Amino acid sequence: MAKAATLDPSQDAERYIVPGLQRGLQILRAFDRQRLQLGAPEIARELGIPRSTVFRLMQTLEYMGLLEKVDHSSEYRLGIGVLSLGFEYLASMEVTELARPILDRLRDDTGFSSHLAIRDGSNIVFVVKSAAKAAFASSVTIGTRFPAHATILGRVMLADLTDSELQGIYLTGKLSRYSDQTPETLSALKKILEEDDTRGYAMSAAYFEHGIGSIAAPVRDSSGRVIAAINIIFQDGKVEKEQYVDRVLQAASDLSRQLNYHPAVNKQERHTG
């Protein structure tokens, strides 16, 4: 009897991809914090798409409010429509609504700005912020992205990943340096993550930005996996940061419990594979 053909889910899914939509989304993703404005020729070269096709796609994206033309220029920048989609996405996340009162309490208990961040590949994205009323307050805005390996928030989320998952994110094993404390290789990062995982939180001064300290703790869902992280930031050298660790851990624990996390989940099982 002949063997039944083995189906490849990824190949099956590719049959339904709409090339025009895919290219349009690739154009939107070409914009980032370093490249706020781009023109059709540059995008065409980068994506390997004919310039005439890119021009039509950008015209369509402009019509829908996802791109807008820069005044007195042939270049484009992201439009307000992208921001609206982002906020709608954040508003749809259960964790953001549950986190708001918890972050407010953490801010009031410590006097420091508190944040909730999620991980998007090798970056973290700030999704909720409770700003301190003191003179020293966080300048981070919702939607701000930072490299995960170079931030305390990112470390507590990366610490939950397996070796193979980390390798999938950092394929070359080389990491960009942002401060004297930033690990420059995947092996160096893994050593830090092992310590963070054992400790159950991360704390450092001037790890990403000079003069700013942070304490962060992981937030888990019902599966036991880390889906987000909570932190506070403070002026380095001005406070005894150790006294605030328990409060950050408690806030992360409160949010995890509301997401139906039960500490009885076997930690060893989470780190196999």
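I'd like to verify a number: residues in segment 214-237 that are of a type outside the set (A, V, I, L, M, F, W, C) and under 17 Å from residue 109 (Cβ atoms), how many? Spell out how you get there, then give the answer.
Initial filter on segment 214-237 (of a type outside the set (A, V, I, L, M, F, W, C)): 214, 218, 220-225, 231, 235-237.
Going one step further and asking which of them are under 17 Å from residue 109 (Cβ atoms), we end up with 214, 231.
The number of residues fulfilling the criteria is 2.
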Open item on the list: Among the residues in segment 252-273, are any open to solvent by less than 30 Å² (accessible area, probe 1.4 Å) and at pLDDT below 70?
Closed with: yes
Open item on the list: List pairs: first residue in segment 110-133 and at pLDDT 90 or above, second residue surrounded by 21 or more Cβ atoms within 10 Å (Cβ to Cβ) and among the aromatic types (Phe, Trp, Tyr) anywhere in the structure, Cβ distance under 7 angstrom, at least six positions apart or on different chains.
Closed with: 112/234
Task: Selected residue (only one of 15, 33, 29, 45 is at pLDDT 90 or above, open to solvent by 80 Å² or more (accessible area, probe 1.4 Å) and charged (D, E, K, R)) - done: 45
Open item on the list: Go through (1) open to solvent by less than 10 Å² (accessible area, probe 1.4 Å); (2) of a type outside the set (Lys, Arg); (3) more than 30 Å from residue 36 (Cβ to Cβ); (4) in contact with a Phe, Trp or Tyr (Cβ under 6 Å, 6 or more places away or on another chain) for residue 124 and report which single condition fails.
Closed with: (3)
Task: Close pairs (8 angstrom Cβ cut-off, 6 or more residues apart or separate chains): within 13 Å of residue 115 (Cα to Cα) in segment 242-253, open to solvent by 50 Å² or more (accessible area, probe 1.4 Å) anywhere - done: 251/105
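Residue-by-condition table, conditions (1) surrounded by fewer than 19 Cβ atoms within 10 Å (Cβ to Cβ); (2) part of a strand (DSSP E or B); (3) at pLDDT 90 or above:
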{"residue": "168", "(1), (2), (3)": "yes, no, yes"}
{"residue": "179", "(1), (2), (3)": "yes, no, no"}
{"residue": "187", "(1), (2), (3)": "yes, no, yes"}
{"residue": "194", "(1), (2), (3)": "yes, no, yes"}
{"residue": "207", "(1), (2), (3)": "no, no, no"}
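The values are calculated or read from the model by the stated rules, or taken from the named source; none is laboratory data. From a predicted model like this one, the values you see are computed outputs, not experimental measurements. Every residue, glycine among them, receives a Cβ derived from its backbone with ideal geometry; neighbour counts consider all protein chains shown. Surface areas here come from the heavy atoms of the whole protein model, side chains and all, with no ligands, DNA or RNA. Shrake-Rupley method; radii C 1.70, N 1.55, O 1.52, S 1.80 Å.
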